[in-house]
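Here is the structure we will look at, set down as structure tokens.
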Amino acid sequence: MGDFSVRRKIFSFGCMVIGVAMMIAGLYMAITLTDFWGVRGTLIIAGCVAFFVGLYFFPTFKHHRGIINFMFLFPLLFAFAVTVIIPLVLGIGYSFTDWDGITLNKFVKFDNYTRMFHEPQFLWSVLITFLFVVLNIVLVNLVAFLLALLCTSKLKGLGFFRAAYFVPNLIGGIVLGYIWQFIFSKVVTEILNSQASMLTETKTALIGIVLVYVWQYAGYIMLIYITGLNTVPGDVLEASSIDGANSWQTLFQIKIPMIAPTITICTFLTLTSAFKQFDVNLSLTNGTGSVNFMGKFLSKGTQMLALNIYDTAFVNNEYAYGEAKAVFFFIILAIVSICQVRISNKKEVEL
Amino acid sequence: MRKRLLSVLMVGAMASSLVACGQPNTANNGGSNSQGGGASADSSAVRLLNGKPEIDSQLQDLAKLYKEETGNELIVETIGGDTNASDELKKMYQAGNMPDIFVIEANQAASWDGKLADLKGEDWTNNTEFELVDDSMGTIGFPYTVEATALGYNADVLKAAGVDPSTLTSPDAYAEAFKKLDSKKDELGIKAVLGWCAEPSNLGWSSGTHVFGQYLDAGLAADDTTYIDLLNDGGQVDHDRMLAFAEFVGMMNQYSDPDLLVDGTYDEQVAGFKAGDYAFITQGNWCVTSPDDVDFECGFAPYAFEDGIDTIIAGPPSYWVAYADGNVDGAKAFFNWCAGDSAQNILVNDAGLVSPFSDCQYEAVNPFYASMKTYIDAGKFSGWHTMLKKDGLQNQTCQVFADYAQGKLDAESFTTTIEQVIKDYYAN
């Protein structure tokens, strides 16, 4: 500390103190909704800049590098905090209230959390979401892997096939849902000569959602598998063929074990994205379909978890209750993802 | 030294760009005063949030005329299509960016409790019976249009078949008329008697709100809230009335176009009616807005599921309200001007709306207007109390209508199922 001039110390501390004071004044105006002389925004920004100038000239050698690192990281951390961390904390806070998007009357403790487990519709949504996830992990990966095998073979027109399988993924889920709604209700009914489309019946509508989802997502996962398969070293394959391995043995004992990391990534991707399934669900059936569950007639037989949360908050105007469901959803996703990554990593090590 | 100079320059550039970014924002805050919400008296511009995208250009014309005639400024912002105005309003409220006038449906009034201006005693309230009055908040809603829903009919087809729509005031009369029309389908050139669609995912609002609303209001005086009060008291349903309603809906299912009934769309339903494929349609006056759309006369018949029901549902489906912390005086001035002659000219003749004001001299161009007017003049209209049911209920009940249409339920099980669904929804 002794190596620095008094002027520099005064300048540094002065800048920081003035900066903090300006920011507090600006924030105070923002909170109390007053704005003298229209300088609210300028105060906050100028205060922030002054603070950082002071920080840059902070009289230290030992921590100077750390300060510089922090200054460069700060914009990113700040943006991350504003868009992710603060909403997460606020959301958890709101889930303990009766907030309806406009007014907040009281804290209701854990009422929203206990309430969701007494709501048959929500339990049904959880159930079919898990079912959907399991079906999708298996089907998407299977279809994607088979397509990848096809696209790494020596067929003619491979570029076309790769592009064709991938294109569905480029169409947004909402558009895709409406296109398939038309196909199911106008084209398929014409072909099967049936009166009503399969989307009007809960069971067949769920199959419809799975079909559309696999069709959309398999192309994307296929690309990752293709990359994986291309990294299998040619000399290993050559050695196996010299040793007399047939194509099945090559596939199961060389290719698949060699691409285990790819399989991890793909199952992880399909798992989380299937859990969060929303857009196709919304546009294809909007959750409709009757079902008898726990002795009740439920109107939203194909409503998955994400859509249930959306409907609770934005259609039924119960923001806090929707928020509580979202927190529950977040916990499930976090647990499942962590477990999945742990288990897969263990397997990779064993290989 | 050079390096240091460069870094100082860079920091200076960064800082000035940040300040520059901040600048227009603050200028904006000072200017429009909508952000702060605190001091807005000096500003005369009024911001209106419109929820009907189809009349956006007409409202822009209205704003221009308002500026011309009074010198005051009106800024129209339009939300709509798939974006829900009430969602957008919540975001605006959280951001402290509330418009001075915005659109609400009747059942949303409660969530804005204490935040809406009381418009009691304004001049325009003397010329209409359609303003939104709330027990605790007073006169809060300005009606900008009146819409009606009942069984819309193609008068030419009914005439050709020898059915007099004025006799359709009992289930028996309907049974007879439907049977007659059905037997003469080929002769009349229609595809089916009714264009009724119970598809739940895109048309749930039609069955769950509008058709269900007939159970709540058909046959009742406009201010009679018997069944909506019962419903909002824990989700109770009058079993006998619901059963009669269910039997009527069963008849509708029977005579509706089977291609439309279970998985049709709004567009197909309306296009079919416009093309003259159906004698009846289960929509309101919004489905045919221009006389150019149809080459036949249109009218409304009541949902007579009990003997003697002879009313249609008519009233404003949504209202314009003034935000209490906004420019209330500006909003009040605009409402008074909007109820006047020059504004009504644009709203009625250009936007195709039906005026809720009794002193309005313009006849709406809507093909259903003549029929609506006879009902309203005779006092034979019921309220839109279906808008007062619990938010989201329509998304639950519409599936029961769909199952009934698919033949999974009969009238009795429809009634018990819808009772259970409503009760559960209110209980949760």
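The values are calculated or read from the model by the stated rules, or taken from the named source; none is laboratory data. Small disclaimer: the values here were computed from a predicted structure and weren't measured. Here the Cβ positions follow ideal geometry from the backbone for every residue, glycine too, while neighbour counts run over all protein chains shown. Please note that ligands, DNA and RNA were not included when accessible areas were found on the heavy atoms of the full protein model with its side chains. Shrake-Rupley method; radii C 1.70, N 1.55, O 1.52, S 1.80 Å.
Looking at region A:268-285, which of its residues are of a type in the set (S, T, N, Q) and open to solvent by 10 Å² or more (accessible area, probe 1.4 Å)? Outline the logic, then answer.
Step one: of region A:268-285, the residues of a type in the set (S, T, N, Q) are A:270, A:272-273, A:277, A:281, A:283, A:285.
Hits for region A:268-285 are A:272, A:273.
Out of the residues in region A:89-98 meeting the condition of being without any contact (Cβ under 8 Å) to a residue 12 or more places away in the chain and under 20 Å from the mean Cα position of the chain (by Cα), tell me which one is nearest to the other protein chains (Cβ to nearest Cβ). Steps first, please.
So in region A:89-98, the residues without any contact (Cβ under 8 Å) to a residue 12 or more places away in the chain come out as A:89-90, A:93.
Remaining after also requiring under 20 Å from the mean Cα position of the chain (by Cα): A:89-90.
Working: A:89: 16, A:90: 11 Å.
If we take residues in region A:89-98 being without any contact (Cβ under 8 Å) to a residue 12 or more places away in the chain and under 20 Å from the mean Cα position of the chain (by Cα), then A:90 is nearest to the other protein chains (Cβ to nearest Cβ).
Restricting attention to helices (runs of 4 or more DSSP H) lying wholly within region B:342-428, give those where 3 or more residues are facing chain A (nearest Cβ under 10 Å).
B:393-405, B:411-427
Quickly run through region A:298-331 and pick out the residues that are in a helix (DSSP H, G or I), β-branched (Val, Ile, Thr) and surrounded by 15 or more Cβ atoms within 10 Å (Cβ to Cβ). Reasoning before the result, please.
From region A:298-331, those in a helix (DSSP H, G or I) are A:305-315, A:319-331; that's our starting set.
Now restrict to residues that are β-branched (Val, Ile, Thr): A:309, A:312, A:315, A:327, A:331.
A:309, A:312, A:315, A:327, listed by residue number.
Please go through region A:86-144 and pick out each residue that is among the charged types (D, E, K, R) and over 30 Å from residue A:212 (Cβ atoms). Can you show your working first?
Residues of region A:86-144 among the charged types (D, E, K, R): A:98, A:100, A:106, A:109, A:111, A:115, A:119.
A:98, A:100, A:106, A:109, A:111, A:115, listed by residue number.
Filter region A:99-117 for residues that are within 12 Å of chain B (Cβ to nearest Cβ), at pLDDT 90 or above and assigned to a loop (DSSP other than H, G, I, E, B) and give the result.
Within region A:99-117, A:117 is the sole residue that qualifies.
Of B:195, B:189, which residue is in the same structural domain as residue B:299 (by TED's automatic domain parsing), open to solvent by 10 Å² or more (accessible area, probe 1.4 Å) and in contact (Cβ under 8 Å) with a residue 40 or more places away in the chain? First the steps, then the outcome.
Values: B:195 fails: open to solvent by 10 Å² or more (accessible area, probe 1.4 Å).
Checking each option against the conditions leaves just B:189.
Need pairs with beta-carbon distance below 6 Å; first residue more than 15 Å from residue B:300 (Cβ to Cβ) and touching a residue at least 24 places away in the same chain (Cβ under 8 Å) and within region B:158-170, second open to solvent by 70 Å² or more (accessible area, probe 1.4 Å) and in a loop (DSSP other than H, G, I, E, B); sequence gap 6+ or separate chains.
B:170/B:307
Do you know which residues across region A:270-289 are within 10 Å of chain B (Cβ to nearest Cβ) and outside any loop (DSSP other than H, G, I, E, B)? Lay out the reasoning, then the answer.
Taking region A:270-289 and keeping what is within 10 Å of chain B (Cβ to nearest Cβ), we get A:282-289.
Scanning region A:270-289 gives A:282, A:283, A:284, A:289.
When only residues in region B:78-94 that are in contact (Cβ under 8 Å) with a residue 12 or more places away in the chain and open to solvent by 30 Å² or more (accessible area, probe 1.4 Å) count, which is nearest to residue A:103 (Cα to Cα)?
Taking region B:78-94 and keeping what is in contact (Cβ under 8 Å) with a residue 12 or more places away in the chain, we get B:78-81, B:85-86, B:88-89, B:92.
Now drop any that are not open to solvent by 30 Å² or more (accessible area, probe 1.4 Å), which leaves B:78, B:81, B:88.
Numbers: B:78: 24, B:81: 26, B:88: 15 Å.
Across region B:78-94, the extreme among qualifying residues is B:88.
Would you check which residues across region B:120-143 are open to solvent by less than 10 Å² (accessible area, probe 1.4 Å) and in contact with a Leu (Cβ under 9 Å, 6 or more places away or on another chain) and list them? Steps first, please.
Residues of region B:120-143 that are open to solvent by less than 10 Å² (accessible area, probe 1.4 Å), as a first pass: B:124, B:140-143.
Result: B:140, B:141, B:142, B:143.
So how many residues does region B:237-268 have that are closer than 19 Å to residue B:396 by Cβ and either free of Cβ contacts under 8 Å to residues at least 24 places away in the same chain or of a type in the set (Gly, Ala, Ser) (or both)?
Looking only at that region, the number is 2.
Is it the case that region B:264-274 has a residue that's away from every other protein chain (no Cβ under 14 Å), β-branched (Val, Ile, Thr), within 27 Å of residue B:407 (Cα to Cα) and crowded, with 17+ Cβ neighbours inside 10 Å?
yes
Could you say whether any residue in region A:122-135 is in contact (Cβ under 8 Å) with a residue 60 or more places away in the chain, within 14 Å of another protein chain (Cβ to nearest Cβ) and open to solvent by less than 20 Å² (accessible area, probe 1.4 Å)?
There is at least one residue in region A:122-135 that is in contact (Cβ under 8 Å) with a residue 60 or more places away in the chain, within 14 Å of another protein chain (Cβ to nearest Cβ) and open to solvent by less than 20 Å² (accessible area, probe 1.4 Å).
Output the number of the condition that residue A:6 fails; it satisfies all remaining conditions of (1) aliphatic (A, V, I, L, M); (2) open to solvent by less than 60 Å² (accessible area, probe 1.4 Å); (3) more than 24 Å from residue A:70 (Cβ to Cβ).
Only one criterion is unmet by residue A:6, namely (2).
Please count how many residues of region A:18-41 are part of a helix (DSSP H, G or I), within 41 Å of the chain's Cα centre (by Cα) and of a type in the set (A, V, I, L, M, F, W, C). Steps first, answer last, please.
Here is the first cut: in region A:18-41, the residues part of a helix (DSSP H, G or I) are A:18-32, A:36-38, A:40-41.
Filter once more, so that each one left must be within 41 Å of the chain's Cα centre (by Cα): A:19-32, A:38, A:40-41.
When the remaining residues are screened for being of a type in the set (A, V, I, L, M, F, W, C), the result is A:20-25, A:27, A:29-31.
Adding up the residues that qualify gives 10.
Would you pick out the residues in region B:358-375 that are buried (at least 22 other Cβ atoms within 10 Å of the Cβ) and not polar (S, T, N, Q)? Reasoning before the result, please.
Pass one, region B:358-375, residues buried (at least 22 other Cβ atoms within 10 Å of the Cβ): B:364, B:366-368, B:371-372.
Once the filter is applied, which keeps residues that are buried (at least 22 other Cβ atoms within 10 Å of the Cβ) and not polar (S, T, N, Q), region B:358-375 yields B:364, B:367, B:368, B:372.
So, in region B:404-420, exactly how many residues are surrounded by fewer than 22 Cβ atoms within 10 Å (Cβ to Cβ) and not hydroxyl-bearing (Ser, Thr, Tyr)?
Residues that pass the stated criteria total 8.
Can you give me the ranges of the helices (runs of 4 or more DSSP H) entirely in region B:1-117 with at least 3 residues that are more than 12 Å from chain A (Cβ to nearest Cβ) and modelled with pLDDT of 85 or more? Spell out the reasoning first.
Working: elements: B:2-32, B:56-70, B:85-94.
Helices (runs of 4 or more DSSP H) meeting the threshold: B:56-70.
Out of all the residues in region A:217-249, which are over 23 Å from residue A:261 (Cα atoms) and part of a helix (DSSP H, G or I)?
A:241, A:242
Quickly run through region B:169-203 and pick out the residues that are away from chain A (no Cβ under 14 Å) and of a type in the set (Ser, Thr, Tyr). Step through it out loud before you land on a result.
Filtering region B:169-203 for residues away from chain A (no Cβ under 14 Å) gives B:169-191, B:193-196.
Across region B:169-203, the qualifying residues are B:169, B:170, B:174, B:183.
Of all residues in region B:363-405, which are over 19 Å from the mean Cα position of the chain (by Cα), more than 22 Å from residue A:315 (Cα to Cα) and aliphatic (A, V, I, L, M)?
Listed by number, the residues that qualify are B:370, B:378, B:405.
Considering only region A:185-211, state which residues are within 12 Å of another protein chain (Cβ to nearest Cβ) and open to solvent by 90 Å² or more (accessible area, probe 1.4 Å).
Correct list: A:190, A:195.
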